[in-house]
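Asker: Starting off with a structure, shown below.
Quick note: the coordinates plus some simple rules give every number you see, no bench work behind them. A quick note: this is a predicted structure, and the numbers were derived from the prediction, not measured. A quick note on method: Cβ atoms are made from the backbone with ideal geometry, for glycine too, and the neighbour counts reach across all protein chains shown.
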Amino acid sequence: MSTSVGLLGKKLGMQHLYDGEGNRIPVTVVEAGPCFVTQVKKAATDGYDAVQIGFDKVAEKSLNKPKRGHFAQAKVEPLRFLREYRVDAESVAAMKPGEQVGLDCFKTDDHVDVTGVSKGKGFAGVMKRHGFSGFPATHGTHEYFRHGGSIGCCFPEHTIKGKKMPGQMGNRRVTVQNLRVVSVKPEENLLYIQGALPGARGGYLVVQKAKKAS
């Protein structure tokens, strides 16, 4: 089955491939699928058209009763990672719960957008988190080398929303756009995508057709 909703996958790591001219291409290997349709929503019954797909089988004992019932109704094995996509009514009519979604929706030289959760780096200051330059390291500066400077002014008499300040770095939902698919191996459920992808090894990813493809 081919679908435009994309695929769910897992980051396996990075390596490199060579093209026909001998150029070295850094790629990230993604285990993309097999994914299964776990729910189909229709405007008549649910208020909108959507499809939910799942990835990565998990032991039934690891789930609570509502989730077990959800998968039993769809007649698929329990899955760990689920995502829902809005689609048109025509696409919904062509999908059925339990149907498998494979890699046939991608081919070599396609461009994709990949979404994942970036590596968490803990609490960080403004120099590491936002790239601030800091203060001059001279005799005139005392105990103020890595500070962020003023965080307000006389008007509007409070810290402006969105001010760049120290805080948690990483562990955020990140989307990298317009990455090229270097190779597809459907028999092994592997995608080779040029460049780096968010997250650590073993992290879950969402791979979709690029919305701003060049």
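Asker: Applying the Karplus parametrisation 6.51 cos²θ - 1.76 cosθ + 1.60 with θ = phi - 60° to the phi angles of the stretch 75-82, what ³J(HN,Hα) value in whole Hz is obtained for each residue in order, glycine and proline being reported as x?
Answerer: Computed from phi, the couplings for the stretch 75-82 are 6, 10, 5, x, 10, 8, 10, 10 Hz.
Asker: Starting with the fewest neighbours, write out Cys153, Cys35, Cys105 ranked by other beta-carbon atoms found within 10 Å of each beta-carbon. Show your work: numbers first, answer last.
Answerer: Details: Cys153 10, Cys35 27, Cys105 20.
By the 10 Å Cβ count, ascending, the order reads Cys153, Cys105, Cys35.
Asker: Each residue of the stretch 140-156 in order: what ³J(HN,Hα) in whole Hz does its phi give by Karplus 6.51 cos²θ - 1.76 cosθ + 1.60, θ = phi - 60°, with x for Gly and Pro?
Answerer: Per residue, the Karplus-derived 3J(HN,Hα) values read x, 9, 10, 6, 9, 6, 10, 6, x, x, 5, 10, x, 7, 5, 9, x Hz.
Asker: Can you compute the FRET efficiency between Thr45 and Lys107 using 1/(1 + (r/R0)^6), with r the Cβ-Cβ distance and R0 = 25 Å? Round to the nearest 0.05.
Answerer: 0.10
Asker: Based only on other Cβ atoms within 10 Å, what is the fewest-to-most ordering of Phe135, Phe106, Phe155, Phe145?
Answerer: Numbers: Phe135 15, Phe106 20, Phe155 6, Phe145 12.
By the 10 Å Cβ count, ascending: Phe155, Phe145, Phe135, Phe106.
Asker: How much length is gained if the chain between Ala196 and Ala124 is pulled fully straight, taking 0.36 nm per residue apart and subtracting their Cα-Cα distance, in nm to one decimal? Display every interim value, and only then the final one.
Answerer: On the way: separation 72, 0.36 × 72 = 25.92 nm, distance 2.26 nm.
Gain in length upon complete extension: 23.7 nm.
Asker: Something else now. Once a ≥ b ≥ c are taken as the square roots of the eigenvalues of the Cα gyration tensor of the stretch 126-169, is the result rounded (a/c under 1.5), prolate (a/b larger than b/c) or oblate (a/b not larger than b/c)?
Answerer: oblate
Asker: List the lysines whose Cα lies under 20 Å from the Cα of Lys41, skipping any in the same chain that are fewer than 8 positions away.
Answerer: Result set, ordered by chain and number: Lys67, Lys75, Lys96.
Asker: For a test of the definition: using alpha carbon positions, the gyration tensor, and the 1.5 limit on a/c, classify the stretch 80-214 as rounded, prolate or oblate.
Answerer: It is prolate, given that a/c is not under 1.5 and a/b is the larger ratio.
Asker: Under 5 Å between amide hydrogens, which residues at least 5 positions from Val101 or on another chain qualify, with H placed 1.01 Å from N in the peptide plane?
Answerer: Amide H neighbours of Val101: Cys35, Phe36, Val37.
Asker: Let me ask something else about it. Find how much the distance from Gln168 to Lys57 grows on full extension, using 0.36 nm per residue of separation minus their present alpha carbon separation; answer in nm with one decimal.
Answerer: Fully extending the segment from Gln168 to Lys57 adds 36.8 nm.
Asker: From the backbone phi of the stretch 103-110, what are the Karplus-calculated ³J(HN,Hα) couplings (6.51 cos²θ - 1.76 cosθ + 1.60, θ = phi - 60°) in whole Hz, Gly and Pro given as x?
Answerer: Each residue of the stretch 103-110 in turn: 7, 5, 7, 10, 9, 4, 6, 5 Hz.
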